[in-house]
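The values are calculated or read from the model by the stated rules, or taken from the named source; none is laboratory data. Here the structure is a predicted model, which is why all the values come from computation and not from measurement. Backbone-built Cβ (ideal geometry, glycine too); neighbour counts: all protein chains shown. Remember, those area values only see protein heavy atoms, side chains included, never the ligands or the DNA or RNA. Shrake-Rupley method; radii C 1.70, N 1.55, O 1.52, S 1.80 Å.
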Amino acid sequence: MGEKGNPWPEIFIPNSWKEAANSIAFNSSDSPPIAFICGAKNSGKSTFSHHLLNTLLDSYYKVAYLDTDLGQPEFTTPGCLSLHVIDEQTPDLTILSMKTPVRCFFFGDTSSKRDPKAYLDNIFRLYDYFQMEYYKSNELADSNIQLPLVVNTPGWVKGVGYDILVEMLRYISPTHVVQIRISAESKNLPTGAFWLDGSQKRLVNLIDISSARQDSSNRSLLTQKDGRLMRDTRIIAYFRQCFRSDLNITTKNELAYALASHPPYEVPISRFKVMHLHRQVPFSEIFHSLNATIVGLAVSSLKPTESKTSTPWCVGLGAWMYVTLHVYGCASCKLELMVRQNC
């Protein structure tokens, strides 16, 4: 662990990780790589993904990043699935980095356990958007618009989590799959291309690397990350964008007080509708269910061909307190509130 209270340990990149990233970034190919990073919890997936992102930016002017880790996302708040296009490196991986995604879904939970189907549907829609906008074939468009993609995944790799991972791999059909293995073999994924069933559309490069167990001074790196503290830190960092930079907001209580004291963004009830995620709420209880709740703000779909049950693109988050809505990142258009239910 770094300084006391810092949820991000000091970062150490082993040589094997550097070699793996280089082999992906600098391997000659007709198309940019699509790298899928997987492994058990606390194996270092996010760290390696961020290092690979930096390495790819040595060869490409932009890199796409698909974050499917609801509990510990790299660039957004917890509970979101997001696609980013990154155009600059992050030299210090210990610094919390909040970025605006090109597309985002508000899932409203830190795990896919509650609704695996909705989770996969959102990921597939994000990947389809990447393919359409940033990975067109040379025959259809200028190859300069083709971007590499890094896919970061959660550490739930057993039971339903394994089935979800297999579905993601089959749908995305990556060019490279990096599996980070930990010392507890029973917690690792199977070796080899465990997801293949004959439907794979392209050849895949398999890369196995070990988690970083020691830093450059041979000190242990087995300290567990404080997931709850990391989530709180990201939520605070997101909402403090509503306030002056010199305002001291470092705890949830300070954030709650600041939000309660801040003039809210007022939206007429007639201008939005409420979509509860993962559960049904009686109409008479809708506004009671919103109190002290983080909500996703989304642009209402105008396409008649889209399913009425589809989750719309998220454009920001809000904090609903009593009868007011505190917003950062709101679009000036008709909104849908996507509500995370804590009960």
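Taking residues in the stretch 37-51 that are at positive phi and part of a strand (DSSP E or B), and partners anywhere that are of a type in the set (K, R) and open to solvent by 20 Å² or more (accessible area, probe 1.4 Å), the pairs with Cβ atoms closer than 8 Å and at least 6 places apart or on different chains are G39/R181. Go through the residues of the stretch 96-108 one by one and say whether even a single one is under 22 Å from A40 (Cβ atoms) and within 12 Å of the chain's Cα centre (by Cα). Yes, the conditions are met somewhere in the stretch 96-108.
Taking the numbered list (1) at pLDDT 95 or above; (2) under 14 Å from the mean Cα position of the chain (by Cα) in turn, T76 passes all entries but (1). A Cβ distance below 9 Å, combined with a sequence gap of six or more or placement on separate chains, defines the contacts here; from the stretch 233-248, residues that are under 16 Å from G316 (Cα atoms) and aliphatic (A, V, I, L, M) reach residues that are open to solvent by less than 60 Å² (accessible area, probe 1.4 Å) and not in a loop (DSSP other than H, G, I, E, B) in the pairs I235/L255; I235/I294; I235/L317; I236/L255. The single residue among L52, L66, L96, L57 that is out of contact with any His (no Cβ under 9 Å at 6 or more places or on another chain) and surrounded by 22 or more Cβ atoms within 10 Å (Cβ to Cβ) turns out to be L52. Just one of the listed residues (S97, S82) is in contact with a Pro (Cβ under 8 Å, 6 or more places away or on another chain) and polar (S, T, N, Q), namely S82.
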